Amino acid sequence: MKNEKGFTLIEMMIVLLIISVLLIITIPNIANHSANIDKKGCEAYIKMVEAQVQAYKMENNKYPTDLAELESGGYLKGDKTACSADVTITIGANGEVITDPEL
């Protein structure tokens, strides 16, 4: 019999088993990180809206009544009233940014 070089079936199955275990470990972690990234992005957007409300107050000596007023004044691009599917953003009477539900 010739001395053939290559992998045996057992070696290939061991490699596939190791790759499968690594995938089983990493895929749930990636899904958890995606939700965490969405939450942090929403928090950052809320902080940006709060900063724009303060900038509007400094320039106009009054708080904006809603996000559309910020958008029409050039403080925000687009009237984005939600930062995710379930979190909506509004501006209170004293300029505080309110989220529903609370983050």
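FYI, it's all coordinate maths here, none of it is from the lab. Note that this is a predicted model, so its numbers are computed, not measured. Note that we place each Cβ from the backbone using ideal geometry, even for glycine, and neighbour counts take in every protein chain shown.
Restricting attention to the range 27-68 and to residues that are over 14 Å from C83 (Cβ atoms) and in contact (Cβ under 8 Å) with a residue 40 or more places away in the chain, the residue that is farthest from the chain's Cα centre (by Cα) turns out to be Q54. Taken together, I30, I14 contain a single residue that is surrounded by fewer than 10 Cβ atoms within 10 Å (Cβ to Cβ) and farther than 22 Å from P101 by Cβ, which is I30. Of all residues in the range 46-80, those that are loosely packed, with under 15 Cβ neighbours inside 10 Å and among the β-branched types (V, I, T) total 1.
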